[in-house]
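Peer 1: Here's a structure for you.
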Amino acid sequence: YVAHSHRTRNTGDSLRLQLKIETVQYASDPLCDNLINASMEHRDFGKTILIIGHSNTLPQIIRKLGVTDYPYGDIADNEFDNLFVITYKKEKAKLKKMKYGAKSGASAAMQ
């Protein structure tokens, strides 16, 4: 799932090409309803999915997917190495925050 922007589509393109799959585009909105509706339309609940979004919508997406204690506020615009993995056990969402690729933004400044 990629938000409607060149940057998010480009981010997902290599994975799309490698796996020979199509991406689902969604319009970003403050409540993340468009993403949830697209997921329901494609019947992807319970499946492993990748969501590529923006720093100002990812916190709300994480909360919308059941991680109720995720803090409010945007992720810094210069952080491009965040990977948020949400898993479910007994219908309870669990978040694991990871980093990938070359360090960016605040991560690079701490070296």
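Peer 1: Inside the range 4-111, counting only helices (runs of 4 or more DSSP H) that do not spill past its ends, which hold 3 or more residues that are at pLDDT below 90 and hydrophobic (A, V, I, L, M, F, W, C)?
Peer 2: Answer list for the range 4-111: 105-109.
Peer 1: Conditions first: (1) within 15 Å of the chain's Cα centre (by Cα); (2) open to solvent by 40 Å² or more (accessible area, probe 1.4 Å); (3) of a type outside the set (D, E, K, R). I61 passes all but one, so which condition is the exception?
Peer 2: So I61 meets the others, but not (2).
The values are calculated or read from the model by the stated rules, or taken from the named source; none is laboratory data. Because the structure is a prediction, the values reported are computed rather than measured. Ligands, DNA and RNA are excluded from the accessible area calculation, which covers all protein heavy atoms including side chains. Shrake-Rupley method; radii C 1.70, N 1.55, O 1.52, S 1.80 Å.
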